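Have a look at the structure below, then the notes.
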Amino acid sequence: MRLSFVGALRAITLLSSFLGFLTSPAQADLVWSPATGWRVEGGALSGLTGAEGSKALDQMNSARTAEEDGSPRSAIRGYGSIARRYPNSIYAPEALYRSARLRLAQKNYTKAFDDFQQILTRYPNTKRFNEITGEQYRIASALLDGARGRMLFGLLPGFTQRDKALQYFETIVANAPYSDYAPLSLMNVARGHQKLKQTENAIDALDRMINSYPQSLLAPDAYLKLAQTHAALVDGAYYDQASTKEAITYFTDFMLLFPSDSNIAAAEKGLDGMKTMLAESKLKIGDFYLFKRRNYKAARVFYNEAITAYPDSAIATRAKARLTQVEAGAAGNAAPPAAGATLADQPAKKKRFWLF
């Protein structure tokens, strides 16, 4: 039994050594020197052997020579061929990286992003993961801010690609959800949708930001922008107040969670505006039931809701005055006055019948 255990231990050791040998190219570095060309350092293998290995190395050297000689198009073609033909070699991720860099210098942002993305997708353990994520973030940011691609036919400027920028930011969030770039990307997704007048999508991005990264330094800004974005959807006191209520919630959350934030005054002002809007909406509904329907019970409900919505406001004062009118009308002591007038200046009015 003991011999079996020792034998198994030796087998495991040999297997580990063999696997380490097989994976050594991933740990190796590919180094360029004008004198010697490309060479592998820190590892025993390139992932290729014999004639195939020599051919791949020659192609890498040819592509780099074209790059150094100022022929980026030729270099890009060479690097692309290497990435396609030798995907399991140490040369492939380097070829994609060199190609992406060259495309980026040409302002070919979409293809540069795609080359970088191929590295992260096919070689997720690359040592350049953070660097490449940063490059992708910079590409997406440039496109969102209106950067144009390379000249068309050498004469016309390229098109802006803000929609593409939003896709790229979402890709970054998926690639590196625990990096500092993820919350930054979601904030930019929201900014981009706002630029494109896609408010609901902006709200979704901000909501994902505060739920996925509540401890981020960007969380206060996300809460405030979320409140302001909901506030921007409010059409007035005569319309549905769902957005008003959402704005109130996020302004309140911001003030409770970040009481020392420098934007607290802006939040207070926003909250005041939204609470006033909600209270005024309740007041107008109460006026409708009082002056148009003589429905004292319904009017009383909405005037009380107006007071509850913003107790210390001018709207609440008006609602309290209306309640006095409601009680007088309900008791049969007086006919309700016309909308907008005060108790002191209301003339006596005959009953009128309205046709709708």
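The values are calculated or read from the model by the stated rules, or taken from the named source; none is laboratory data. Please read all numbers here as calculations on a predicted model, not as lab measurements. Here Cβ is always computed from backbone atoms with ideal geometry, including for glycine, and neighbour counts include all displayed protein chains.
Checking GLN228 against (1) outside any loop (DSSP other than H, G, I, E, B); (2) without any contact (Cβ under 8 Å) to a residue 40 or more places away in the chain; (3) under 26 Å from ALA182 (Cβ atoms); (4) not β-branched (Val, Ile, Thr), only one condition comes out false. Which one? Failing condition for GLN228: (2). Within the stretch 182-215, if we keep just the residues that are surrounded by fewer than 20 Cβ atoms within 10 Å (Cβ to Cβ) and under 14 Å from PHE254 (Cα atoms), the residue that is farthest from the chain's Cα centre (by Cα) turns out to be GLN215.
Applying the condition of being assigned to a helix (DSSP H, G or I) and over 24 Å from the mean Cα position of the chain (by Cα) to the stretch 231-270 and asking which residue is farthest from ALA314 (Cα to Cα) yields ALA265. Look at the stretch 171-186: where a residue is among the acidic types (Asp, Glu), no partner that is modelled with pLDDT of 95 or more sits 6+ places away or on another chain with Cβ atoms under 7 Å.
Looking only at residues that are under 18 Å from ALA328 (Cβ atoms) and without any contact (Cβ under 8 Å) to a residue 60 or more places away in the chain in the stretch 284-293, which one is surrounded by the fewest Cβ atoms within 10 Å (Cβ to Cβ)? This residue is ARG293. Looking at the structure I just gave you, is ASN201 part of a helix (DSSP H, G or I) and in contact with a His (Cβ under 8 Å, 6 or more places away or on another chain)? So ASN201 fits the description; yes. For the stretch 96-108, the candidate set comprises residues that are of a type outside the set (Lys, Arg) and out of contact with any Asp or Glu (no Cβ under 9 Å at 6 or more places or on another chain); within that set, the residue that is surrounded by the most Cβ atoms within 10 Å (Cβ to Cβ) is ASN108. Close Cβ contacts (under 7 Å, 6 or more residues apart or on different chains) running from residues in the stretch 99-122 that are charged (D, E, K, R) to residues that are not in a helix (DSSP H, G or I) comprise LYS107/GLY149; LYS107/ARG150; ARG122/PRO87.
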